[in-house]
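Single-structure report; data block below.
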Amino acid sequence: MTDEPRTRLDRLTDRWRARHEASVASRGREPADTEREARARAHFPYQSETPAAYAARHAEAMIGYTYDAYTYGDPQLDAWLVELGRILRPRPDRSHGGRS
C-alpha cells in the first residue's frame with residue numbers, strides 16, 4: 001500500500017472526528033442505551049486497569065472511539081470512559097511521522 005491511501009484515510013478520519021466532537025459539544029452527552037452500556041461494562045476493564053494503561057496498549061486501534069459521547073449509570077464506568085477519551089484525543093497526526 002502506498003502512503004496516499006493511508007494519508008487519505010487519515011484525512012477522512014480527522015474530518016469525521018472533528019465533526020463528531022463538534023456534535024457532542026453542541027448537544028451534550030446523551031444517555032447510553034442499554035446495549036451500549038452492557039458492551040462498555042463487558043469490554044472495558046474499568047475496575048481493574050487505568051484508562052492510561054488501557055490506552056497505552058490499544059490506542060492505535062481506537063481511532064473511532066465514541067464511548068465518551070454518552071453518559072452511563074455507573075459513575076465509575078462513566079468517569080473511566082471519559083478519561084479514556086481525553087487520553088485518546090491528542091494523539092499525534094499519523095500522517096506526519098506518527099505510528100502507522
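Any read-out appearing in this document is the output of simple, stated calculations on the displayed coordinates, not a laboratory observation. Just so it is clear, the model here is predicted, and its values are computed rather than measured. Neighbour counts run over all protein chains shown; Cβ positions are idealised from the backbone, glycine included.
General observations
- Over the chain, DSSP H runs of length four or greater, each weighted -39,500 (n - 2.57), average out per residue to a 222 nm ellipticity of -18500 deg cm²/dmol.
- Normalising the Debye intensity of the chain to I(0), with uniform scatterers on Cα atoms only, and taking log10 at q = 0.20, 0.23 Å⁻¹ returns -1.06, -1.26.
- Normalised contact order of the chain, rounded percent, pairs of Cα under 8 Å and 6 or more residues apart: 34
- Remark: spin-label model distance Arg41-Glu60 equals 3.3 nm, labels positioned 7 Å along the Cα→Cβ axis.
- Annotation for region 1-77: GluC sites (Glu not before Pro) lying in DSSP loop with at most 15 further Cβ atoms inside 10 Å of their Cβ are Glu49.
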